[in-house]
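So the structure is just underneath, and the comments pick up after that.
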Amino acid sequence: MTTLPQTTPLRLPRPAPSGPLTIPGGPVMPSGGMVAQVQVGSQMTGADVWRVIRSNMWLIILMVVVGAASGYGLNYWLKLYHSRYTATGVLQVVTPETADLLSPIATIAPSDLTTDLKTHAVLLRDASLVTQVLQNPDSEIRTTAWFRDFRSIQEAKQDLRDNLEVAIQPESRLLRVSMTYNDPNSCQVIVTAIAEQYIKNQKEINQNKEYDRHRDLEGRLVKEEMSLKAVNGEIADKESELNSNGVSGTMNKISAKDMELSQLLQSSLAQQLELDAANDALASLRRQIDANQDPPKVAALIAADPEVAMYRQLVNALELATSEALENLGPEHNSVKELQARQKLLEGKLAMAKAGAQTRCRMEILEETGEKASLAQRSLDQMSKRIEALKGDMAHLTDVMTDLLEKQSEKEGYEAKIRLINDQLSQIDSYAVKHDFSGVDWAARPERPEQPSFPQLKVIMPLTIALGLVIALGIAFLRELLDTSIRSPRDISRVGNMNVLGMIPHEDDDPQSAGARLPVVIFEAPHSMMAEQLRQVRTRLQHSSSLDTTRSILITSPSPSDGKSTIACNLASGLALNGRRILLVDANFRRPELHRIFNLSNEQGFADVLNSLDLFESTVQETQVPNLYVLPCGPKPTNATELLESQLLIDFIERALEEFDHVIFDSGPLLFVSETVALAPRVDGVVTVVRARANSRGVLSRMRDSLRQVKAEHLGIVLNAVRAQGGGYYGRNIRTYYEYQSGGSDRAA
């Protein structure tokens, strides 16, 4: 047999039409521009959570029962050996009124209630109070069973600090003091002793505070009176200074310094205008000189210069003599030329004289104008100094007046404070006569507890039940997390966006499929649930990939025993029953099955037809299913992969499609057989069959990558043998299907 070279082009993937696909019992397939794919995210939905809970319900119920029993037993054991009693007393905080020394108004300001309650709560648990009670030989606390349990006061002190609780009663002035111990009498005595000692301490502290405050107020009164006397002396000194400068205490009288300052300000303004005019003239003169322009005064000064006048006369006289010589002697005469040379010499000296005079005149005018500006500036500076001196005097007088007003205000403040302190001293004396200084008193004394505060069944039982429920749910969802098998479209979506054509229930869960051969169940048991699902796979395949152009289809699976031959036979039978002429080809050279399923001869088959297309008509065999023909595998060739990679396969497909509407290939598992990998890119589409619970997501991922590597057109996945029990998808759907089919339900269709 000759093997042809690999020169045939691969069949490139084609865009599939849009349209939503719905899987019975599963999630709704979304619509889009591409083939409808499972878009369910990797997060669990409410239905998935309920499925996990339902499949592990026995574990949850068991753990809840165990938790309840454990709670009851734990409560009984704790009550028998570790019971605790709690005695509680209530203290009322009567906040003592305190004099507010900083307030300008003579009032009695009560201290902040929340702060007082927190302070008392901390002090009741203070180590010094506990030590004071425990070290008192007359204290009843030393006679309790609680105290006898400790070898030292330090141990008792630590236990008391750990078990004595003080809580603030919200929205009230009450403090709850409680002690927990296994002896009820000890609890009552401890709370009473601690609270009584604290009330006594607070009374002594408040009495000392009131005494110290009274003494402090008397000292402040003496200090304020001395300060008032000093302020009165300062007020008299400042009034005297103001009067000597002609200023009254109200600053409404105009003094001589005010008048002088006003006149100087007016003169300063006029002098400033004069200075500005002189500076402007000086600047203008400099600009003219910089531009080589002489003011009219400069021209007059140059003309009056003696040297310039002398040279001008000499030049004029020489010009006259030269003119006469030209008329008498002619221009070529030596005397004329000599006169002309002397004239040029004198004209040059005249120009030099003018330039020197110009420079001198400019300097004189600049110096004259600058001197005027300097005189105006000096005059203005003198006026400014005097003005500043007067302003300083006036500012000093203003400061004196301000100080005077401040001292008068201080005087009023000292007088008000003196009155306030006198009022507070009177109120303190009155309060000491009418009130108790303790600030804390009993609102309810502690009683001997009759029932233990720990344990309590109503607390322990819910906790143990909740713990059992949490453990059960944790185990259930951990099992779900660790299970990587493919059981539902959600598991497929975790691998990637792949089109799910349908889910076929397990044959053991479909009662009507019993007795029918599984590979042709769609023909022999057409009213079964499996047949219905297979017809839906056929319908989705028609919508997801147009069967008018997708005429050659490969049925494969990632692993052996996934049911690919069963799906291939039923899919071919379904298309044949739909009126299409179908050729089912057994391309599984390793384990051919189609001749056994349809009880056909396998002497010649697919391998022989590939080598000689003349054998096509004699090798294709008809089956009992209308419009369905089968080409068995035949003898296994030695070069099966090479045959499928050659032009012979393309010629076979074209020959088969001349007589049949579709050619469906049943091949070996994709991840184990090289012939399937060679065949996948040369057909119009590939349908993969995945057996539920038999394949992992890793296997499915490798199958997807293998198809992508050879650029095969993946039409979708058929999830096979989906179980109804254990949280499966079909338990309720199968019952509903048969009830609806038999008309057993009275509900509207």
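Length gained on full extension, A236 to S701: 157.0 nm, using 0.36 nm per residue less the C-alpha separation.
Taking all Cα pairs closer than 8 Å and separated by 6 or more residues, the relative contact order of region 483-742 comes to 30 percent.
Length gain on complete extension for the stretch T398 to S227, per 0.36 nm per residue less the alpha carbon to alpha carbon distance?
59.2 nm
Judged by the mean number of other Cβ atoms found within 10 Å, the most tightly packed of the peptides 516-529, 138-151, 545-558 leads the ranking 545-558, 516-529, 138-151. If only the Cβ of Lys and Arg carry +1 and only the Cβ of Asp and Glu carry -1, the dipole of region 139-240 around its Cα centre is close to 260 debye. From most to least packed by mean Cβ count within 10 Å, the peptides 559-568, 71-80 give 559-568, 71-80.
For the residue pairs K200/K223; K200/K417; K238/K417; K564/K636; K229/K391; K564/K711, alpha carbon separations beyond 26 Å are given by K200/K223; K200/K417; K229/K391. Rounded to the nearest 20, the Cβ-based charge dipole of region 483-742 about its Cα centre (Lys and Arg +1, Asp and Glu -1) stands at 1200 debye. Take 219-231, 503-515, 677-689 and order them by the average number of nearby Cβ atoms within 10 Å per residue, most first; the result is 677-689, 503-515, 219-231. The modelled label-to-label distance for the pair I168/Y76, using points 7 Å beyond Cα in the direction of Cβ, is 4.5 nm. Give me the log10 of I(q) over I(0) for region 483-742 at q = 0.07, 0.09, 0.12, 0.13 Å⁻¹, as the Debye formula computes it from C-alpha points; what are the numbers? With no solvent term, the Cα-only Debye profile gives -0.22, -0.37, -0.66, -0.78.
R0 = 25 Å: FRET efficiency of R286 with E347, Cβ-based, nearest 0.05? Efficiency for this residue pair is about 0.20. Remark: region 549-554, residue by residue, has Karplus-estimated 3J(HN,Hα) of 10, 8, 10, 10, 10, 9 Hz, where x stands for each Gly or Pro and the curve is 6.51 cos²θ - 1.76 cosθ + 1.60 at θ = phi - 60°. Taking the Cβ-Cβ separation of H333 and N279 as r and a Förster radius of 41 Å, what is the calculated FRET efficiency to the nearest 0.05? Calculated transfer efficiency: 0.10. Modelled spin-label separation between S409 and D423, with each label point placed 7 Å from Cα along the Cα-to-Cβ direction: 2.2 nm. Fully extending the segment from N136 to Q92, taken as 0.36 nm per residue of separation minus the present Cα-Cα distance, adds 13.3 nm. This model, with +1 at the C-beta of Lys and Arg and -1 at the C-beta of Asp and Glu, gives region 256-408 a dipole about its Cα centre of some 340 debye.
Using the Cβ-Cβ distance between D159 and R215 with R0 = 41 Å, the FRET efficiency computed as 1/(1 + (r/R0)^6) comes to roughly 0.45.
Taking 7 Å steps out from each Cα toward its Cβ at F454 and S152 produces label points 2.5 nm apart. Selection among V609, V687, S493 by position relative to the dipole of region 483-742 gives S493 as farthest towards the positive end (Cβ unit charges, Cα centre).
Every read-out reported here was derived from the displayed coordinates using simple, explicitly stated rules and does not represent laboratory data. No experiment lies behind these values; they were computed from the predicted model shown. Positions of Cβ are backbone-derived with ideal geometry, glycine not excepted, and every protein chain shown enters the neighbour counts.
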